[in-house]
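Note sheet for the following structure.
The values are calculated or read from the model by the stated rules, or taken from the named source; none is laboratory data. Since we're looking at a predicted model, the values are computed, not measured. Reconstructed Cβ throughout: ideal geometry from the backbone, glycine too, with neighbour counts over all protein chains shown.
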Amino acid sequence: MNKLVGALASLKLAVVLLVVLLIGLSAGTILESRTDAATAGRLVYYSWWFLGLQGLFAVNVACSIASHFPWGKQRIGFVTTHASLLLIFVGAALTFFGKAEGQLGLWEGQTGSTIEHTDHQGKVVSRHELPFSVKLDDFVLDTYQGTMRPSGFASQVVVTDLDTGKSFPTRIFMNTPLHHRGWSLFQSSYQQQGGREATVLSVSKDPGQLVVFAGYATLVLGMILVLLTRVSQAHEREKSRSELEAKVAQAGMSLPTMGKALGAVLALAGLAGTASAQTPAEVEALKRLPVQHDGRVMPLDTLARETVWKVTGSRSWNGQDPAATFIGWLLDPKSASAAPAVKVSKELAAAAGLDPAARQASFDQLVSNPTVMRLIEAAGAAAQHDQPRRGVLKDAEKLEERLNALYAVLQRDVVRPIPAPGDPKARWNLPLEVSAPALLALGNGPRLPGWPTKEKVEVEILYNRVNPSRLAWLVLLASLVVSIAAWGKASKALDCASFGLLVLGFGAMTWGIGMRWAAGERIPAANMYESLLFLGWGVGLFAVIAYLLMRNRTVVLNAAAMSALTMALTDLLPMDRFIHPIAPVLAGTPWLAIHVPIIMIGYAVLALGVVVAHMQIGFAAFGRGRGALVEKLYELLYWYMHVGSIFLLAGILTGSVWAASSWGRYWGWDPKEVWSLVAFLAYMAILHLKVDKVIGTFGAAAISIVAFQTILMTYLGVNYVLTAGMHSYGMGDSPIVKWMIVVALVEIVFLVVCGVAFRDRKRIVEA
């Protein structure tokens, strides 16, 4: 019996099960992207083999706990983590066998008590009778001002208990469900037809939800206890051995030289963000004119920057201030339509008989080209039938967006600075006269009701002009250079300078996020650009704390490198960095401000880890006499992987709670959810392999580089590769896909070269 328990408790078995689980989960997401969610569920997530695999894993965990009895003080973290896994399995089983769910659709004035669950083809799978009825008294749809885009929707209902006959009114709206008699009712969607409105409520009863949440929370606590235990053990080991200073190649650079270099870099970058050509005073004044666009009120400067970027694909056109370009288009539409300003891809230009070498073409040239119009129509037809648009069709779809953006300017339909009193949709109006004097007179006149304060306008103008991302990555680049100069030197001055520049860079990132938060009146965490801001910020935050705790200069070096790279990407890549209204599911909930920073800090810490892993492998393969340094780097890598995994898990927990509060289910096998779990399991496998001494420090570092590809897949691949699920942006032909492939190939080459060199060195040493 003991032998059977020991075999089932094997750490190697646990690692094998983890690897098989993450392979199965990955396959499920790929299958969903090629077919549909129902097929993926039938063949993977709810299949007999996958359920059996989970059951075997639960047995492995239980036997592992039993095999280590009696548990000492050093085993508290181990027992807590593994017991929490059993708790999660129990909760998941309760959900699987006991959950009831469906939808309740009601027109205004209608009463219902029967929910139906349908498959992807609309076929009713199950029906459930509720112990109460729901009557829809009124459905309220709110929109962003001046648009028909929903900002939120709510159902005013009357709930009547079928047993007692007692009734009570209540309001169900997004992120605010109704809980009654063990059932939860969530505002899901709505319908409009013939002047009538109907609500669609998602209704569920899940006996395992709280058990799973308790398991998640306990698992986070257990992993923290394990980390603290490891820290204590490492501290004891450190007392018994002397510190070894790493000797690396000298790269000297004095502080005065660094100061001059930094000043030159900042000067060349143009941190003020002004255009190379001087703008007229009238343009500067018009920048501050409040206008309504895309559901929010903004200075004309923001609208100009957004429009110029959308039309031309560049932050500025012909070296002009974007506001000057925009105003020129607005006041002289004839010249604007004839100017080659609209970005055209090489593939579409070649297909339409245009000059492929020319990056841009004129509005008149494009709308008069029959091939271009035919491609745009084909892309529109594909979109209507929910068909994929790739290659030239995707380019045509993007081109239509650019043409529409410029057309709105040419028609003078985009500048709406005058609030309309009493308008139920809060629409703003066009000025009677579109001319520079008229717009200046409007802007310099009394402030109209609904206009933001001058102070708020100036905040957004300053944010647009300074470009905090550029400021941050340049300062962080300077920190990186100083860190390299300090490497191998016992110079407190250089160490303080590199850390000080890191703090300054972190301060610039924090200031930029704060400015964006103030301008948008929401946490900047709603799209890819904003998530990258939090990624860089998370790296800086963790690095500052880690350095203060460990005093390890390597932390500053790799943090400065990773933060500088992240901020440079946000500044230099052609990304949409403008503030847009957010979807109703993201509004009115604190979980956006909780979940996104947590998960991005997790990504940031693991990104720091992958930088250290590259350094460790490089020194192990090619550095002679660097054994002590390699061990130090691995210790740092271990802390990064462990802490990053804790944040990953906390991100899964907060995301699950958010999903439960919004949609009534904590887990829906969405590809984003699945890949976050895959990433967590990948790092758990590495940590367990190292504990069991199956692999050495070199192997652990190499596998951690491979594991980081799951982070890239979670963060980017789900959106741009799989193009499936609720988190997908549907951009399968994005350049990001190509870069992900390039990164993967480079990593393979790096690991192969370093692996061969490391093997040869080991043979020489052993001989």
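What to note about this one:
- Residue satisfying all of: in the range 668-699; in a loop (DSSP other than H, G, I, E, B) and among the β-branched types (Val, Ile, Thr); surrounded by the most Cβ atoms within 10 Å (Cβ to Cβ) among these: Ile695
- Options Val643, Val630, Val596: the member that is over 14 Å from the mean Cα position of the chain (by Cα) and closer than 26 Å to Leu533 by Cβ: Val643
- Residues of the range 124-174 classified as farther than 17 Å from Gly102 by Cβ, under 36 Å from the mean Cα position of the chain (by Cα) and of a type in the set (Ser, Thr, Tyr), total: 5
- Within the range 450-500, the set of residues being farther than 30 Å from Glu284 by Cβ, of a type in the set (D, E, K, R) and in contact (Cβ under 8 Å) with a residue 24 or more places away in the chain comprises Lys489, Asp495.
- Members of the range 164-180 found to be surrounded by fewer than 21 Cβ atoms within 10 Å (Cβ to Cβ) and farther than 13 Å from Val134 by Cα, listed by number: Thr164, Phe173, Asn175, Thr176
- Scanning the range 723-752 for residues that are farther than 16 Å from Ile711 by Cα, surrounded by 14 or more Cβ atoms within 10 Å (Cβ to Cβ) and at pLDDT 90 or above gives Phe750, Leu751.
- Some residue of the range 86-95 being in a helix (DSSP H, G or I), among the hydroxyl-bearing types (Ser, Thr, Tyr) and more than 23 Å from Leu11 (Cβ to Cβ): yes
- Selection from the range 345-401 of residues that are under 30 Å from Thr35 (Cβ atoms) and either in contact (Cβ under 8 Å) with a residue 60 or more places away in the chain or aromatic (Phe, Trp, Tyr) (or both): Pro388, Arg390, Gly391, Lys394, Glu401
- If you go through the range 599-615 and keep only what is more than 12 Å from Tyr715 (Cα to Cα) and of a type outside the set (Gly, Ala, Ser), you end up with Ile601, Val605, Leu606, Leu608, Val610, Val611, Val612, His614, Met615.
- Against the test of being over 18 Å from Val200 (Cβ atoms), hydrophobic (A, V, I, L, M, F, W, C), buried (at least 17 other Cβ atoms within 10 Å of the Cβ) and within 31 Å of the chain's Cα centre (by Cα), the options Ile88, Ile65 yield a single qualifying residue, Ile88.
- None of Ala379, Ala357, Ala383 is touching a helix residue (DSSP H, G or I) at 6+ places or on another chain (Cβ under 9 Å), in a helix (DSSP H, G or I) and surrounded by fewer than 16 Cβ atoms within 10 Å (Cβ to Cβ) except Ala383.
- Criterion applied to Gly77, Gly112, Gly6, Gly105 was being over 24 Å from Trp675 (Cβ atoms), assigned to a strand (DSSP E or B) and touching a residue at least 60 places away in the same chain (Cβ under 8 Å), and the one residue passing it is Gly105.
- Ala679 being farther than 30 Å from Trp487 by Cα, in contact with a strand residue (DSSP E or B) (Cβ under 9 Å, 6 or more places away or on another chain) and either at pLDDT below 85 or not aromatic (Phe, Trp, Tyr) (or both): no
- Candidate set: the range 181-213, residues that are aliphatic (A, V, I, L, M) and touching a helix residue (DSSP H, G or I) at 6+ places or on another chain (Cβ under 6 Å); chosen: the one surrounded by the fewest Cβ atoms within 10 Å (Cβ to Cβ): Val211
- Taken residue by residue, the range 506-515 has no member that is touching a residue at least 60 places away in the same chain (Cβ under 8 Å), under 25 Å from Gly651 (Cβ atoms), within 24 Å of the chain's Cα centre (by Cα) and assigned to a helix (DSSP H, G or I).
- Any chance Ala349 is farther than 30 Å from Arg447 by Cα, surrounded by 17 or more Cβ atoms within 10 Å (Cβ to Cβ) and touching a Pro at 6+ places or on another chain (Cβ under 6 Å): yes
Results for (1) over 30 Å from the mean Cα position of the chain (by Cα); (2) over 15 Å from Val585 (Cβ atoms); (3) touching a residue at least 24 places away in the same chain (Cβ under 8 Å), shown as yes or no for each residue.
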position	(1), (2), (3)
Thr176	no, no, yes
Arg181	yes, yes, yes
Leu185	no, yes, yes
Thr199	yes, yes, yes
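- Entry remark, the range 486-533: residues being crowded, with 20+ Cβ neighbours inside 10 Å and basic (Lys, Arg) number 1 in total.
- Scanning the range 28-79 for residues that are closer than 17 Å to Gly6 by Cα and among the hydroxyl-bearing types (Ser, Thr, Tyr) yields Ser64, Ser67.
- Residue within the range 329-345 that is in contact with an Asp or Glu (Cβ under 9 Å, 6 or more places away or on another chain) and over 30 Å from Leu289 (Cβ atoms) present: yes
Quick grid of which residues meet (1) buried (at least 22 other Cβ atoms within 10 Å of the Cβ); (2) among the acidic types (Asp, Glu); (3) under 30 Å from Leu557 (Cβ atoms):
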position: Arg626; (1), (2), (3): no, no, yes
position: Met641; (1), (2), (3): yes, no, yes
position: Gly644; (1), (2), (3): yes, no, yes
position: Leu648; (1), (2), (3): yes, no, yes
position: Leu653; (1), (2), (3): no, no, no
position: Val657; (1), (2), (3): no, no, no
position: Ser661; (1), (2), (3): no, no, no
position: Tyr666; (1), (2), (3): yes, no, no
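- In this structure, Val414 does satisfy being among the hydrophobic types (A, V, I, L, M, F, W, C), under 36 Å from the mean Cα position of the chain (by Cα) and assigned to a loop (DSSP other than H, G, I, E, B).
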